[in-house]
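**Q** Dropping a structure here in structure tokens format, bear with me for questions.
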Amino acid sequence: MNITYKKYIISIFFKNARWFIQASFVLALLWPNIITQAQEAWKISDCIDYAMENNLDLNMKYNNIQTQEVSLKESKANILPNLNFGSNLDLNFGRNVDGNDNSVTYDPTLSQNYYLNSSFTLFQGMVKKNNIHFNKFLLKATEQEAEVEKNQLVFKILTSYYTVLYSQGLRDVAESQVSLSKMQFDRMQKLVEVGKESPITAQDLQSQWATDKLSLTKAQNQYNKTILELKQLLRLSVEQSFSIDTNSTQELMLNANENVDSIFITAKKILPQLKQQQLLLNASEKRLAIAKGGSYPSLNLNAGYSTGFYDKNKLTYGKQLEENQNQWVGMTLRVPIYNRSVVSSDIKRKRIAVKDQRLMFEKQNEALYIEIWNAIDDLQSAEKEYQSSQELHDFSELSLKNVTKKLEKGLANTTEFETAKQRYISAKATLLKSKLVYIMRYQMLTFYQTANWNHLN
């Protein structure tokens, strides 16, 4: 290797080394933030905020709002007079009228006309005004529809989030049972080695340990599945790390004593689904008024200006445009007499649509009342189930402790220990489920009372 080549290799090394040192320094500064960001657990409020920005269905609802805003602006602009400009260029052959002196000629003639006209509706059965009100109600109804979609999304996230909490709790229970089984097996194995216990007893405990490890594997798989479903609901990427905040569950306030009628009176004033149906009812009434407007006479004001140029005229182009000017103002009255029952049929259809929308509004009221009724009943049932589950859990925990002590003293067999352990596992899982169900029921009832999800924060 010659000296020049060695110098080249050394220079390349030092250049790369300097870059590596700089990159390492930057990475060292950013590394704590990267670790924190990667390991930061998501609270339920974080999931909701993220979903609000990234959910496709909700963003489509927002697009519908923008579309309806355009329709409202268009209906308002429709009240203003229109203004149109045009020009005609004609080349006539054969017999035609000379535009210069209105005589008949057989010579080819070239003419060009310019016109500017405008029209304004003086009266049209209040159609345009009612159309503005119709689009206003429809815009507000579309906004409420987005709120309904938002609440449905929050409910899906709430359900999925607490499903993850439940599966995570089951996994933690399974892990504790694996640790307990291993501890009992290790203790029994030592007793077998010194000849104080039978090898069969140790084998039974080892079998229970293997069974608990299988249960842990299933619980871990179920937890991974619920995490996957929540990530898909949030539209997170596959490689993005994700974990939830296990400390986000609130303490229970057990006093499920609510009145259906009082909550319903509050809910019907603030919930978006009822507001939406009321606005749609108002919009259908305005649509009926628009249809009725078609049976009234209409009166329009028209005005215009025109001028032209003819090629046979000796005057200049500009002089012809000046001398051929024409202005006009007129009014047009249109009285509908017979239109093959088109207007009357449309009025009948719109009147039926108003009746349907009124029934839909009543149906939504009834559905909301039943929802609140069921929510209160579910909350009361969940409270009773939680209290019973708490008693069962305490008893099962005490029973497992007693059987464990007996097993250590040789006063109980492995079957009794396994039975007590499984009873405790089931009781702990039931307690966790009843607690999470109660929290969800309580939050749903709070939503009916407030029409928002601020209590989740």
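The values are calculated or read from the model by the stated rules, or taken from the named source; none is laboratory data. From a predicted model like this one, the values you see are computed outputs, not experimental measurements. Quick reminder, even Gly has a Cβ in these numbers, built from the backbone with ideal geometry, and neighbours come from all protein chains shown.
**Q** Being in contact with a Pro (Cβ under 9 Å, 6 or more places away or on another chain) and among the β-branched types (Val, Ile, Thr) narrows it down to one residue among Thr121, Thr109, Thr105; which is it?
**A** Result of the check over Thr121, Thr109, Thr105: Thr121.
**Q** Give the residue, chosen from Asp346, Asp377, Asp356, Asp394, that is within 29 Å of Ser119 (Cα to Cα) and assigned to a helix (DSSP H, G or I).
**A** Step by step, each of Asp346, Asp377, Asp356, Asp394 is checked, and only Asp346 is within 29 Å of Ser119 (Cα to Cα) and assigned to a helix (DSSP H, G or I).
**Q** So, one more: Can you tell me how many residues within the range 283-336 are basic (Lys, Arg), in a helix (DSSP H, G or I) and more than 54 Å from the chain's Cα centre (by Cα)?
**A** Residues meeting the conditions: 1.
**Q** Contact list please: Cβ distance under 7 Å, first residue in the range 56-71 and surrounded by 15 or more Cβ atoms within 10 Å (Cβ to Cβ), second residue at pLDDT below 95 and part of a helix (DSSP H, G or I), pairs at least six apart or on different chains.
**A** Leu58/Met52
**Q** Could you tell me whether Tyr115 is in contact (Cβ under 8 Å) with a residue 60 or more places away in the chain and farther than 18 Å from Ala283 by Cα?
**A** So Tyr115 passes the test.
**Q** Let me ask another. In the range 73-100, what residues are among the small types (Gly, Ala, Ser), in a loop (DSSP other than H, G, I, E, B) and without any contact (Cβ under 8 Å) to a residue 24 or more places away in the chain?
**A** Gly94
**Q** With Ala141, Ala174 as the choices, which residue is among the aliphatic types (A, V, I, L, M) and either under 23 Å from Gln277 (Cα atoms) or in the same structural domain as Asn55 (by TED's automatic domain parsing) (or both)?
**A** Residue meeting the stated conditions: Ala141.
**Q** Separate question: Name the one entry in Glu239, Glu229, Glu175 that is within 30 Å of Ser45 (Cα to Cα), assigned to a helix (DSSP H, G or I), among the acidic types (Asp, Glu) and without any contact (Cβ under 8 Å) to a residue 60 or more places away in the chain.
**A** Glu175
**Q** Going by what's in this entry, would Gly94 be described as at positive phi, not assigned by TED's automatic domain parsing to the domain that holds Pro272 and not aromatic (Phe, Trp, Tyr)?
**A** yes
**Q** If you don't mind, there's one more thing I want to ask. Name the single residue, out of those in the range 226-251 being under 27 Å from Glu385 (Cα atoms) and either surrounded by fewer than 15 Cβ atoms within 10 Å (Cβ to Cβ) or among the acidic types (Asp, Glu) (or both), that is modelled with the highest pLDDT.
**A** Across the range 226-251, the extreme among qualifying residues is Asp245.
**Q** Quick test of your reading of the structure: Ser426 fulfils all but one of (1) buried (at least 18 other Cβ atoms within 10 Å of the Cβ); (2) out of contact with any helix residue (DSSP H, G or I) (no Cβ under 6 Å at 6 or more places or on another chain); (3) within 20 Å of Ser176 (Cα to Cα). Name the failing condition by number.
**A** Of (1) buried (at least 18 other Cβ atoms within 10 Å of the Cβ); (2) out of contact with any helix residue (DSSP H, G or I) (no Cβ under 6 Å at 6 or more places or on another chain); (3) within 20 Å of Ser176 (Cα to Cα), only one is false for Ser426: (1).
**Q** Quickly run through the range 429-457 and pick out the residues that are of a type in the set (Val, Ile, Thr) and either in contact with a helix residue (DSSP H, G or I) (Cβ under 6 Å, 6 or more places away or on another chain) or farther than 30 Å from Gln144 by Cα (or both).
**A** Thr430, Val437, Thr446 - these are the residues of the range 429-457 that are of a type in the set (Val, Ile, Thr) and either in contact with a helix residue (DSSP H, G or I) (Cβ under 6 Å, 6 or more places away or on another chain) or farther than 30 Å from Gln144 by Cα (or both).
**Q** Next question. Could you list all residues from the range 181-208 that are among the hydrophobic types (A, V, I, L, M, F, W, C) and crowded, with 19+ Cβ neighbours inside 10 Å?
**A** Residues satisfying the conditions are Phe185, Met188, Ala202, Leu205.
**Q** So, one more: Of the numbered conditions (1) part of a helix (DSSP H, G or I); (2) not assigned by TED's automatic domain parsing to the domain that holds Glu53, Leu279 fails exactly one; give the number of that condition.
**A** So the condition that Leu279 fails would be (2).
**Q** With the structure loaded, tell me whether Phe185 is of a type in the set (Phe, Trp, Tyr), under 30 Å from Arg287 (Cα atoms), assigned to a helix (DSSP H, G or I) and in contact (Cβ under 8 Å) with a residue 12 or more places away in the chain or whether it fails that test.
**A** no
**Q** How many of the residues in the range 410-427 are more than 11 Å from Leu205 (Cβ to Cβ), of a type outside the set (A, V, I, L, M) and in a loop (DSSP other than H, G, I, E, B)?
**A** Residues that pass the stated criteria total 1.
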